[in-house]
Amino acid sequence: MTVISTLSRRRFLGASVAIGGTCVLLNGASPDQPMGAKVPTAGAASPPLPPPPPTPLELKLAALAVAEGADFLGCGDMTGAYALAERVSGKALPANSPRLPRVISIGVRLSEELVDSLPRNMGGYSQHFYSTMWPKAKVIARKLGDCLKADGHRVLYGLSGLDGLPKMAARLSGLGWIGKSCLLVTPEVGPRAAWEAVLTDAPIRPTTAKPMERQCGDCRRCQDICPAKAIPGTDFAEDQPLAARFKAELCEKHRQSFGNIFTDGACGLCLKVCPFGCGQDLLVASSEVP
């Protein structure tokens, strides 16, 4: 059996899933030592119990995600998170919008070559993100949602006005943290991923008990490289609106200066310079910034 470790940069629901003779490790656990288990030593206290095995529904979703090419899959608890979403987005959700208790996070990794080619190849990067990888994440989300609906569960692919739901879902699922760039940053690929989310009432267990701790520290690369000066460098805080951490109007004005961001170019420099994403020190010289 081939074992795909965390170096594959894939993380999924549960403890492990065997598909077609390949064991995909989930959340960094190994088949012989599930996440949370430790090798006992003489005189040591009993090791913590390993997490329960994935349920049939979780296995089905993980298998579907693997088949469709997802690189990240997790589940978060939305109980109490809707109020947070309203604070962060600065918008109130419609009163009749159902508050489903779970959110599934889907992430697909971006091409390192295209991200590293920025800012020279903004058109290629833009088409890769907006025309290929983000639509791919949406397709996977739709298929997972159809799977859940076929099992009789309620599903929503998003709520009008709920800005940043995919990134919030990934954070609630323990897949990463909200960086100073306001992007979702993972330990494996940094912010170099496209995200989507599915709200549901299916009895799926959250993949984490609490969001991952921020690991940006004193780093200010995304702030320094931003040509629009849209990133003040403020750490994410649940009691702050997005506007306190990201000047969206400045970013949008800069992106529109390239023409059609879906074909002509998008900036992406904050993705490129994040030390959690680049395999080497790729801090872009100021002379390269358009």
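The values are calculated or read from the model by the stated rules, or taken from the named source; none is laboratory data. Values in this document were obtained by computation on a predicted structure and should not be read as measured data. Please note: Cβ atoms are built from the backbone with ideal geometry, for glycine as well, and neighbour counts cover all protein chains shown.
Of the residues making up the stretch 129-165, those that are within 18 Å of the chain's Cα centre (by Cα), modelled with pLDDT under 90 and of a type outside the set (A, V, I, L, M, F, W, C) are TYR157, GLY158, ASP163, GLY164. Mind checking whether some residue in the stretch 133-143 is out of contact with any Gly (no Cβ under 8 Å at 6 or more places or on another chain), surrounded by fewer than 17 Cβ atoms within 10 Å (Cβ to Cβ) and more than 29 Å from THR263 (Cβ to Cβ)? No - not one qualifying residue is present in the stretch 133-143. Every test in (1) at pLDDT 90 or above; (2) touching a strand residue (DSSP E or B) at 6+ places or on another chain (Cβ under 7 Å) is passed by LYS247 save one, and that test is (2).
Residues considered: ALA92, ALA170. Of these, the only one that is part of a helix (DSSP H, G or I), among the aliphatic types (A, V, I, L, M) and either in contact (Cβ under 8 Å) with a residue 12 or more places away in the chain or under 29 Å from CYS270 (Cβ atoms) (or both) is ALA170. Applying the set (1) within 16 Å of ALA170 (Cβ to Cβ); (2) assigned to a loop (DSSP other than H, G, I, E, B); (3) modelled with pLDDT under 85 to LEU84 leaves exactly one unmet item: (2). Checked against (1) under 25 Å from CYS147 (Cα atoms); (2) of a type in the set (Ser, Thr, Tyr); (3) within 20 Å of the chain's Cα centre (by Cα), SER89 passes all but condition (1). Within the stretch 87-122, the residues that satisfy the criterion of being small (Gly, Ala, Ser) and modelled with pLDDT under 90 are SER89, GLY90, ALA92, ALA95, SER97.
For the stretch 216-240, a residue qualifies if it is outside any helix (DSSP H, G or I) and charged (D, E, K, R), and the qualifying residues are ASP218, ARG220, LYS229, ASP235, GLU238, ASP239. Inspect all residues belonging to the stretch 204-211 and state whether any of them is surrounded by 22 or more Cβ atoms within 10 Å (Cβ to Cβ) and either modelled with pLDDT of 90 or more or in contact with a His (Cβ under 7 Å, 6 or more places away or on another chain) (or both). Checking the stretch 204-211: at least one residue is surrounded by 22 or more Cβ atoms within 10 Å (Cβ to Cβ) and either modelled with pLDDT of 90 or more or in contact with a His (Cβ under 7 Å, 6 or more places away or on another chain) (or both). Do we find that ILE140 is assigned to a strand (DSSP E or B) and in contact (Cβ under 8 Å) with a residue 60 or more places away in the chain in this structure? In short, no.
Of all the criteria given as (1) loosely packed, with under 15 Cβ neighbours inside 10 Å; (2) touching a Pro at 6+ places or on another chain (Cβ under 8 Å), the one not satisfied by SER257 is (2). The set of residues in the stretch 63-81 being within 16 Å of ALA169 (Cβ to Cβ) and surrounded by 18 or more Cβ atoms within 10 Å (Cβ to Cβ) consists of ALA65, ALA70, ASP71, PHE72, LEU73, GLY74, CYS75, GLY76, ASP77, MET78, ALA81.
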